[in-house]
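Only one structure is covered here, and it is reproduced in the block below.
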Amino acid sequence: LIEFKDVHKWFGDFHVIKGVNETVERGEVLVICGPSGSGKSTLIRCVNRLEDIGKGEIIFEGRDIARRDVDLNKLRSEIGIVFQQFNLYPHLSVLKNVTLAPIKVKKQPAQEAEKLGLELLDRVGIRNQAHKYPVELSGGQQQRVAIARALAMRPTVMLFDEPTSALDPEMINEVLNVMKDLAREGMTMLCVTHEMGFAREVADRVIFMDEGSVVEEGTPEHFFTNPQHERTKAFLREIL
Ligand code: ATP
Ligand code: MG
């Protein structure tokens, strides 16, 4: 479904992504881990064009989405993203946060968008918070709103950039559980996360990035029990 072909990116002189080649199949859950600064966020941000790449191709459903002439609104409705900081609109209710893009970008009738929005809030377990404002919610609830908001566009792919890193420990699982449900329903997911329990249980494949390159990849089984590279081993020693 997504193919990275020799993807490079520079920030000025700094070579941040150094030739990534990966294929993500439909329905696959790919977990991306690696030390701080290794380029994980940059790589997934390239997939919905929050960053432009410097060289290479990212093929999504047969099109190179790294090209300048790509319709970004369309791309971003097909590829949703959830960030560490939830980035909700503080002046809008929970439900309006979820329905805004479908109404504005997809021109969905308000009633229809609200119906879907409530369904999605139900799915992430916070339908009863629909008329509150983000500030009235816990971090875990806000992050679940952010997931519902991304799902409201009916994306084909979901990108997650450390969605639980800003949460208090007791709220991490409520967000991971929503992600697990999504994975089970067959969503294609690229998840930057250090939640190795999630990776073990849900990932089809884990890749380890260091200094802009994919150093190691494999099934969770391989990755956790039999990593080949010294840098992967050192990383796992540190976080497990
Ligand atoms: P973390 O685990 O800390 O989130 P990461 O693997 O997600 O790290 P990135 O955010 O992708 O790392 O950043 C990779 C490198 O690129 C870092 O050295 C960072 O300082 C640099 N970088 C990121 N964004 C920019 C930018 N807009 N301009 C210049 N350098 C940047
Ligand atoms: Mg990051």
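The values are calculated or read from the model by the stated rules, or taken from the named source; none is laboratory data. Everything numeric here is computed off the predicted structure, so don't read it as measured data. Heads up, the Cβs are rebuilt from the backbone with ideal geometry, glycines too, and the neighbour counts pull from every protein chain shown. Areas reflect the complete protein model, heavy atoms only, side chains present, ligands, DNA and RNA absent. Shrake-Rupley method; radii C 1.70, N 1.55, O 1.52, S 1.80 Å.
List of remarks:
- The long axis of helix 94-104 is offset from the longest Cα principal axis of the chain by roughly 80 degrees.
- Amide H to amide H distances under 5 Å link Gly34 with Met209, where only residues 5 or more positions off or on other chains count and H is placed in the peptide plane.
- Cα gyration tensor, the stretch 38-89 - rounded (a/c under 1.5), prolate or oblate: oblate
- Cβ-Cβ FRET estimate between His229 and Glu201, R0 fixed at 22 Å, reported to 0.05: 0.40
- In the full protein context, the stretch 1-66 carries 41 Å² of accessible surface per residue, based on a 1.4 Å probe and ignoring ligands, DNA and RNA.
- For the chain, a Kirkwood radius taken over Cα pairs fed into Stokes-Einstein (10 °C, viscosity 1.306 mPa s) yields D = 86 µm²/s.
- Karplus-derived HN-Hα couplings along the stretch 162-174 (A = 6.51, B = -1.76, C = 1.60, θ = phi - 60°), whole Hz, x at Gly and Pro: 6, x, 10, 5, 9, 9, 5, x, 6, 9, 5, 5, 5
- Across the stretch 75-98, the residues whose backbone nitrogen lies under 15 Å from the label position 7 Å along the beta-carbon direction of Lys104 are 76-77, 87-98.
- Accessible area expressed per residue, the stretch 155-240, with surrounding protein chains retained (probe 1.4 Å, Å²): 45
- Value of relative contact order over the chain, rounded to a whole percent, pairs C-alpha under 8 Å and six or more apart: 26
- Sequence-ordered 3J(HN,Hα) estimates for the stretch 227-240 from the Karplus curve with 6.51, -1.76 and 1.60 and θ = phi - 60° stand at x, 8, 9, 4, 5, 5, 4, 4, 4, 5, 4, 6, 9, 8 Hz, glycine and proline given as x.
- Percent carbon-and-sulfur accessible area, the chain, ignoring ligands, DNA and RNA, probe 1.4 Å: 46
- Pair-distance distribution of the stretch 97-240: all C-alpha pairs, bin width 10 Å, starting at 0; shares per bin in whole percent are 11, 36, 30, 16, 7, 0.
- Label separation (Arg63 vs Ala166): 3.0 nm, computed from points 7 Å beyond Cα along the C-beta direction.
- Charge context of His229, other residues only, Cβ under 11 angstrom, K/R +1, D/E -1: -2
- Added length on full extension, which subtracts the Cα-Cα distance from 0.36 nm per residue, Glu221 to Glu25: 68.7 nm
- Quarter of the Cα convex hull surface for the stretch 164-236, i.e. its orientation-mean projected area (nm²): 5.4
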